[in-house]
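Note sheet for the following structure.
The values are calculated or read from the model by the stated rules, or taken from the named source; none is laboratory data. Nothing here was measured: the structure is a model prediction, and the numbers come from that model. Note that we place each Cβ from the backbone using ideal geometry, even for glycine, and neighbour counts take in every protein chain shown. Please note that ligands, DNA and RNA were not included when accessible areas were found on the heavy atoms of the full protein model with its side chains. Shrake-Rupley method; radii C 1.70, N 1.55, O 1.52, S 1.80 Å.
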Amino acid sequence: MLNFFPSIDRYILRLTIVPMLGVFALAASLLMLDKMLRLFDFVAVEGGPVGVVFKMLGALIPEYASLAIPLGLLLGVLLAFRKLATSSELDTMRAVGLSYNRLLRMPYLITLILTAINIALVFYVQPVSRYYYEQLNYDLRSGALGASIKVGEFTTLADRMALRIEESEDDGRRLIGIFARVANQKGQVLSISAREGAFLATRDNPDTIILRLTEGTIIQDTGMRGQTPRVLSFSRHDLPIDLPAIEKFRSRGDDTREFILPELLKIGWNRDVASDQRDASVASFNFRLVEIVMMLLMPLLAVALAIPPKRSTSALGVFVSIVMVVAYHKINQYGEDVASIGLLDPVLAFWVPFVLFAGLILWMYYRVAYVPGGQAIGALEMAFAKAGKRIGKLFRRRRPKGYPADPDDTEAQQA
């Protein structure tokens with residue numbers, strides 16, 4: 001398929017795709033690593049299995065991917081054109097009549113493909129995966145995932161049973177040094193100690209599990225005055241434990257982020273729905289839409305910030321591009337918050353910032369593509385260069401008085 005494209009397009013594709021995939025993988029990994037640490041702490045506190053952490057991270061992949069895809073596209077195109085500019089290849093291409101619009105043909109093909117992927121993620125995959133994440137979170141808090149017994153602590157089961165273990169092996173399947181205290185409604189109390197035990201499931205009643213104890217003692221206190229507690233020794237004893245009732249998790253849609261595209265359209269423009277739900281639905285729809293539309297301007301922004309001044313290798317454009325994209329995303333998030341509660345119309349909250357940001361990008365691209373010697377951030381480049389020189393002077397080694405000056409420093413000062 002690549003043979004149908006001219007060699008210049010294939011060359012630009014190679015320059016773009018490698019940094020784009022690298023930035024995408026790096027951004028997604030950083031987001032997931034930060035979340036992974038918090039999830040491990042949360043699961044440890046709740047006493048759940050470690051495997052649920054990776055399930056919850058998998059449910060968050062679509063959300064992180066929708067954030068990393070635009071950033072990867074922007075930096076992939078920016079680094080590709082920056083390499084062309086710093087190696088003077090861009091000047092050669094311009095000299096033979098290749099315009100910036102022509103050079104952006106392959107980046108825009110990549111943009112259309114990534115935009116289609118992001119539409120599927122934002123409007124269909126991400127809402128369902130977000131609901132699955134919340135369901136795992138609920139199951140973990142409620143104990144439906146089989147929370148483990150904490151070692152060295154008393155754990156209350158079924159309100160009338162307290163259990164403590166000294167050690168746990170084989171991921172909680174083998175318990176060592178068990179003490180249990182069971183009380184019933186008649187005031188009778190069983191104090192049980194055993195060398196080891198294990199939890200077993202029952203086929204007949206899924207709401208009851210069996211704690212099988214091995215080599216222990218049972219002390220039965222009937223609660224009657226004057227009656228001596230009975231002491232029994234056993235080699236194996238099965239203790240039934242009734243699991244607490246777990247409420248069924250809510251249906252999808254309590255959070256606006258869990259609505260897919262048809263549901264957003266159905267609720268947002270339905271007069272029979274409450275006004276707060278309509279506002280939240282319209283805000284969520286416009287937030288997702290404006291984030292997707294902005295992807296179409298990412299190649300223009302990348303080219304505008306990729307071209308450094310002549311005889312300069314400044315990477316200021318990379319920093320500015322990240323700041324601009326992150327700041328615009330935060331503005332949209334704030335717009336969603338205020339529009340979802342009806343304080344601001346979605347047109348003002350989302351599309352006015354979009355028009356201003358798009359106008360800035362188009363002006364920056366016009367300066368680079370159509371103005372001879374034009375620079376989109378030329379003033380920032382000059383200020384950055386001056387600041388760099390001043391900072392360099394602060395860290396320059398001072399020579400003692402009377403020490404002969406370095407000829408290189410003298411020539412630099414004269415220049």
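Counting only protein heavy atoms and using a 1.4 Å probe, what share of the accessible area of region 58-134 belongs to carbon plus sulfur, as a whole percent?
Carbon plus sulfur share of accessible area: 66 percent.
Starting from the Cα-Cα distance between residue 232 and residue 214, subtract it from 0.36 nm times their residue separation and give me the gain in nm to one decimal.
Value of the extension gain: 5.2 nm.
If we sort 300-306, 100-106 on the protection proxy, mean other Cβ atoms within 10 Å, highest first, what's the order?
Highest-to-lowest ranking by the protection proxy: 300-306, 100-106.
What spacing in nm lies between the two simple spin-label points modelled at residue 4 and residue 166, each 7 Å away from Cα in the Cβ direction?
Distance between the two pseudo-spin positions: 7.4 nm.
If you take the beta carbon distance between residue 21 and residue 347 as r and set R0 to 41 Å, what does 1/(1 + (r/R0)^6) give as a FRET efficiency, to the nearest 0.05?
It comes out at approximately 0.70.
Testing the spin-label approximation: label points 7 Å from Cα along Cα→Cβ at residue 356 and residue 191. State their distance in nm.
That separation, rounded to one decimal, is 7.3 nm.
By how many nm would the segment from residue 87 to residue 151 grow when fully extended, if each residue of separation counts as 0.36 nm and the alpha-carbon distance is taken off?
So the chain would gain 16.8 nm between residue 87 and residue 151.
Please identify the trypsin sites (Lys or Arg not before Pro) of region 310-372 that satisfy two criteria: DSSP loop assignment and at most 11 other Cβ atoms within 10 Å. Which are they?
The qualifying sites are 310, 311.
Rounding to the nearest 20 debye, state how big the charge dipole of region 1-113 is about its Cα centre with +1 on each Lys and Arg Cβ and -1 on each Asp and Glu Cβ.
400 debye
Between residue 198 and residue 105, how many nm apart are label points set 7 Å from Cα along the C-beta direction?
With each label point 7 Å from Cα toward Cβ, the separation is 6.8 nm.
For the pair residue 116 and residue 271, what calculated FRET efficiency results from E = 1/(1 + (r/R0)^6), where r is the Cβ-Cβ distance and R0 = 41 Å, to the nearest 0.05?
The formula returns an efficiency of 0.80 here.
Out of the total accessible area of region 315-358 (probe 1.4 Å, heavy atoms of protein only), what percent is carbon and sulfur?
Heavy-atom surface of region 315-358 belonging to carbon and sulfur, 1.4 Å probe: 78 percent.
Would you list 363, 351, 269 from the most to the least accessible area, probe 1.4 Å?
Result of the area sort, largest leading: 269, 363, 351.
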